[in-house]
1. Assuming 0.36 nm per residue, please report the length gained on full extension of the stretch THR169 to ILE73 beyond their Cα-Cα distance.
2. Using the Karplus curve 6.51 cos²θ - 1.76 cosθ + 1.60 with θ = phi - 60°, what ³J(HN,Hα) values do you get for each residue of the stretch 59-64, in whole Hz, with x for Gly and Pro?
3. List the residues, sorted by chain then number, that are 5 or more residues from VAL84 or on another chain and whose placed amide H is less than 5 Å from its amide H.
4. Considering only the other residues whose Cβ falls under 10 Å of the Cβ of ASP100, what net charge follows from Lys and Arg at +1 and Asp and Glu at -1?
5. Where Lys and Arg each count +1 and Asp and Glu each count -1, what net charge lies around LEU144 among other residues with Cβ under 15 Å from its Cβ?
6. Percent antiparallel among DSSP beta bridges with both residues in the stretch 6-187, to the nearest 5?
7. Which of these, LEU166, LEU115, LEU72, has the largest mean-square fluctuation under a Gaussian network model of the chain (Cα springs below 10 Å)?
8. Return the sequence-ordered ³J(HN,Hα) values of the stretch 71-86 in whole Hz as given by the Karplus equation 6.51 cos²θ - 1.76 cosθ + 1.60 applied to θ = phi - 60°, using x for Gly and Pro.
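Bear in mind these aren't lab numbers, they're just calculated from the coordinates by the rules spelled out. These figures come from a predicted structure and were not determined experimentally. Every residue, glycine as well, gets a Cβ built from its backbone with ideal geometry; the counts of neighbours run over all protein chains shown.
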Amino acid sequence: MNGQHVLVLGGARSGKTGFAERLAMRLGDSPAYLATAEALDSEMRDRVATHQRLRGERFTTIEEPIEVPTALIRASNDHDVILVDCLTLWISNMLGAGEDVAAATEELAATLVQLKRSRIVLVSNEVGLGIVPDNALARTFRDLAGTAHQRLAEICHHVYFVAAGLPLTMKGIAPDLLIETAAVEGEA
């Protein structure tokens, strides 16, 4: 089942990260948490500290704001499950650094297709359900995130949308069946 990657989408405070963390912990024995957030101010430092405290010590934390594909390849040598939280911050980081987001998304997609040693659980904010943003940068961000989600959903075996803490299976099998299948294959 490694190599069968997962995409978890949802709005802000939808429960998507908590769902993805529980899923990752049940899908592997050595999970890693690849964090794309940069704690550049006190509010973000508090958020990062809260996230780390809530997830406990089960995950190995890897911080990488931009070079996610490279970090995934490195982490796959030691971890059977890698949770990436979150893609929308990654896209924001790349925009801020003047990087080509479309090319980086294709690089990430190519990395996922080739990465068979580990299962990757990607978390991202669905930002396309609200009103049309009132400025060009926000519209560009929304469009890039939407395009990235579509591209990654094409190659991920399982896609879930989380609202009010409840996962909706959009592609693949229900989370409980995914966990059961992984457990059976781990015993084989």
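1. 31.8 nm
2. 8, 8, 8, 10, 9, 8
3. For VAL84, the qualifying residues are LEU34, VAL121, LEU122, VAL123.
4. -3
5. In short, -3.
6. Given both bridge residues lie in the stretch 6-187, the antiparallel proportion sits at roughly 15 percent.
7. Looking only at LEU166, LEU115, LEU72, the biggest GNM fluctuation is shown by LEU166.
8. Values, residue by residue: 5, 5, 4, 5, 5, 5, 5, 10, 10, 7, 9, 10, 9, 9, 9, 9 Hz.
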